[in-house]
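This report refers to the structure that appears directly beneath it.
The values are calculated or read from the model by the stated rules, or taken from the named source; none is laboratory data. All values reported here derive from a predicted model rather than from experimental measurement. Virtual Cβ from ideal backbone geometry, glycine too; neighbours counted across all protein chains shown. Quick note on the areas: whole protein, heavy atoms, side chains included, nothing else; ligands and nucleic acids left out. Shrake-Rupley method; radii C 1.70, N 1.55, O 1.52, S 1.80 Å.
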Amino acid sequence: MKDNINSYWEMKICMKKVFPIFLAFVLCLILSTSAFADISVSDDKMKEIILEKYSFSEDFVNDLSYEDLQKYYKNSYQILNSTKTETYIKFKYDMSEPKKPKEISQTKATKKEYELSLNQPAIQTRCGISSGYDCIQEGWVKLETYISKTSSDEGNVSARFQWLKAPYFKETDVLAIGLNSNFSPVPGTESASYTYEIWDGILRTISYGIASKRDSGGYAYKIELLDNLSASFPFGRHSEIFRGYMQYDFIKISEDAKAVDAFSHYAHQETHKHLNVSISMPVGGGFSLSNQTKFDILTGHAQLKW
């Protein structure tokens, strides 16, 4: 009888020692299986789910870096609501002096107006076409602004620009997103990506980590439309593809918040000179630059009820 009792307690002590090890093994197995499941999801499937859950355009999703693709895919099952706005801007340039173009106008337009412009012949005036230039040329850019809500206190903002007709000036531009005063960016969650093409027809993408400017009212990135590599090619300035995006997470900092406002800003440099630009984004989503008169600043706005 005594031997049986001793055996019982020995077995119980052994089980106490083995059980935590067994439990740890099971947890590791579950975690590794979950990780493997994420890896096993194809890029196309992740894009499909993101398009279903968010308000993103297909172009935006196709531009996402692999890291951002995974981020949005993993957060897609937490999405409570999302919204999107698009802004189209039309530029007109006087090309009488092709090396010194003058901006005639910058106006907000609609998607329909842009689509109609694709079927219109180039405007020709007294310059004719003998020199290879029309006197008046148009440039078009689209600015997309997105907000996604992932919990009662958290969300994500993103903005994307795309030149639909290539700009004449291709220097250092700025892409930024500001928030209203009830919300604040989360440091370390931001990223940006820029894609362009030069004369050889190969798409090149540059990824950015820490924002060029982290301020109390939002974050901003400086983006060189033509980097040193493309500028070294003799025909590099004939590219038609210039597009990029940025994103970051935010948190609610006021219990009184009824809505989150995202203000996207795209500042396009209208000069060939290299400028040292400082950026300011105060509380409330505002945006300003040093040398601001050398830039056209385009603004988009999206709002999501909280």
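A few comments on the model shown:
- Computed from the Cβ-Cβ distance with R0 of 25 Å, the FRET efficiency linking I210 to H272 stands at 0.30.
- Two-site FRET efficiency, L51 against K100, from Cβ-Cβ distance with R₀ of 45 Å, rounded to 0.05: 0.55
- Residue ranges 81-93, 150-162 sort as 150-162, 81-93 when ordered by packing (mean number of other C-beta atoms within 10 Å per residue, highest first).
- Largest to smallest in accessible area, the residues S193, S288 fall in the order S288, S193 (1.4 Å probe, all protein chains included).
- Where W306, W140 fall by accessible area, highest first, once all protein chains stay in place (1.4 Å): W306, W140
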